[in-house]
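So the structure is just underneath, and the comments pick up after that.
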Amino acid sequence: MKDSFDYIIAGSGLAGLSLLHRLLHEPTLASKRILVIDSEKKTENDRTWCYWEKGTGLFDPIVHHRWDTLSFFAPGVSQTFQMESYRYKMILGKDFYSYVLGEAEKYSNVEFLTAHIKSISANPTGAEVKTEEKIFSAPYVFNSTGLFYPEMNTQNTLLQHFLGWQIKANTPHFDPEKATLMDFTLDQKHGTTFMYMLPTSTQEALVEYTLFTEKVLEREEYEAALKQYIHEDLGISDYEITHDEFGVIPMSLAKFNRTEDDHGRIINLGTAGGFTKASTGYTFYFVQKHLDKVVANLRAGKSPLVERSFADRKYDWYDRTLLDVLLSKKVTGRDIFARLFEGVKPESVMAFLANESSEWEESKIRLSVPLTAFIGSGMRQLIAK
Ligand SMILES: Cc1cc2nc3c(=O)[nH]c(=O)nc-3n(C[C@H](O)[C@H](O)[C@H](O)COP(=O)(O)OP(=O)(O)OC[C@H]3O[C@@H](n4cnc5c(N)ncnc54)[C@H](O)[C@@H]3O)c2cc1C
């Protein structure tokens, strides 16, 4: 194996492989010498990605299911809405990995290495990636490993943790056209807690027990909550669990850098680059929007470092404010989301959560939340910037 490349992709999860896919679909970049390094071979169905977007997306060929109707429930609030322009989409991890890797195999200019990366360092003209065995270099290294994660602790970070069961009921129970985005009609004794329910056929659905709290629970607690919900709320007693998925996503006020050096030679992607939305944990869509710009810069012969725009800073502030309120426990997550879905047109809430809202929608959102709690957190996060 050579030791110098045009690009090194360090970490081949969502962000690394999304970048690879985009590079290979860009005629001016598709023949670049690319090295992809990960400590794991990506074959497992280790996560299910959901996101919403308008129109057709790059990964539409592997979308497993899509919904145009979503529901939101909380005590006293019941909203079922048909989205106008957004579609809620689901991609299975295994489909994503095999789609991108299967296509990349056809390119002799792309090499894959399964190895643990010990460090990544930069110099004015490039960056180096060190594994146990060897050092590799390239003008740009795209990093989505956790090597540069900032310090996260219970003061600045909430964990979004969940156990999801893909279930198959013995008789038809679901409407595969309608998904439940959040059902907050649950005990909130641990903190912000909701159920997420995505039916993919009349008999099958992914049901996820999700919490935003400081620490994860014992496995039995998630299982007990899922059993109760499936039995009592969905009214299903005869079913089998065909797949399960446990996840922890950091929702953090810590500062994730887009680059690690003065010359912009190490470009952070994905969660490592701060593309996990601090207030919701959603990442997929924000990774794609960032990578669109990275590839556009490379195509134009520019640095792949995407500077933060005014809109980036604005949504960052909204997210940090909401997370600050949740961390300070001044208002519960259930109360905030219930007010949003009760007081604002749901499509506008979805646009806001996708960082695509208009000024008018944002003013409606600002007016719907408890002002005193948000003003304090908003000011604190403005100063912290
Ligand atoms: C179970 C689960 C479900 C999720 N569902 C959603 C969802 O529905 N919607 C959504 O928007 N977001 C979701 N997320 C959040 C987010 O989209 C994912 O975490 C996403 O995978 C983040 O992409 P990434 O590329 O930053 O990290 P990853 O996909 O985790 O990729 C990082 C890669 O780096 C490799 N790596 C790390 N350290 C090293 C090292 N030192 N050396 C070599 N390789 C290394 C890892 O093996 C991994 O392959 C989910 C997360 C989880 C865990």
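The values are calculated or read from the model by the stated rules, or taken from the named source; none is laboratory data. The structure presented is a predicted model; accordingly, all values stated were derived computationally and were not measured. Cβ coordinates were reconstructed from backbone atoms using ideal geometry, including for glycine residues, and neighbour counts include every protein chain displayed.
Scanning segment 4-18 finds one or more residues that are modelled with pLDDT of 95 or more, away from the ligand (no atom under 12 Å from the Cβ), within 18 Å of Ser303 (Cα to Cα) and part of a loop (DSSP other than H, G, I, E, B). Checking each residue in segment 156-174 for being outside any strand (DSSP E or B) and either assigned by TED's automatic domain parsing to the domain that holds Ala15 or in contact (Cβ under 8 Å) with a residue 60 or more places away in the chain (or both) picks out Asn156, Asn170, Thr171, His173. Filtering segment 313-345 to residues that are out of contact with any strand residue (DSSP E or B) (no Cβ under 9 Å at 6 or more places or on another chain), part of a helix (DSSP H, G or I) and more than 12 Å from Val369 (Cβ to Cβ) leaves Arg313, Lys314, Tyr315, Asp316, Trp317, Arg320, Asp324, Ser328. Consider segment 132-159 and keep the residues that are of a type in the set (Gly, Ala, Ser) and within 12 Å of the ligand (Cβ to nearest atom). The one that is surrounded by the fewest Cβ atoms within 10 Å (Cβ to Cβ) is Gly146. When Gly102, Gly76, Gly126 are screened for being more than 26 Å from the chain's Cα centre (by Cα) and outside the structural domain of Phe184 (by TED's automatic domain parsing), only Gly126 passes. Val294: buried (at least 17 other Cβ atoms within 10 Å of the Cβ), outside any loop (DSSP other than H, G, I, E, B) and more than 17 Å from the chain's Cα centre (by Cα), yes or no? Yes, satisfied. Each residue in segment 80-111 was checked for being more than 16 Å from the ligand (Cβ to nearest atom) and surrounded by fewer than 17 Cβ atoms within 10 Å (Cβ to Cβ), and 11 pass. Can you tell me which residue is farthest from the chain's Cα centre (by Cα) among those in segment 259-272 that are surrounded by 23 or more Cβ atoms within 10 Å (Cβ to Cβ) and more than 8 Å from the ligand (Cβ to nearest atom)? It comes out as Arg265. When residues in segment 210-245 are screened for being β-branched (Val, Ile, Thr) and either assigned to a helix (DSSP H, G or I) or at pLDDT below 95 (or both), 1 of them pass.
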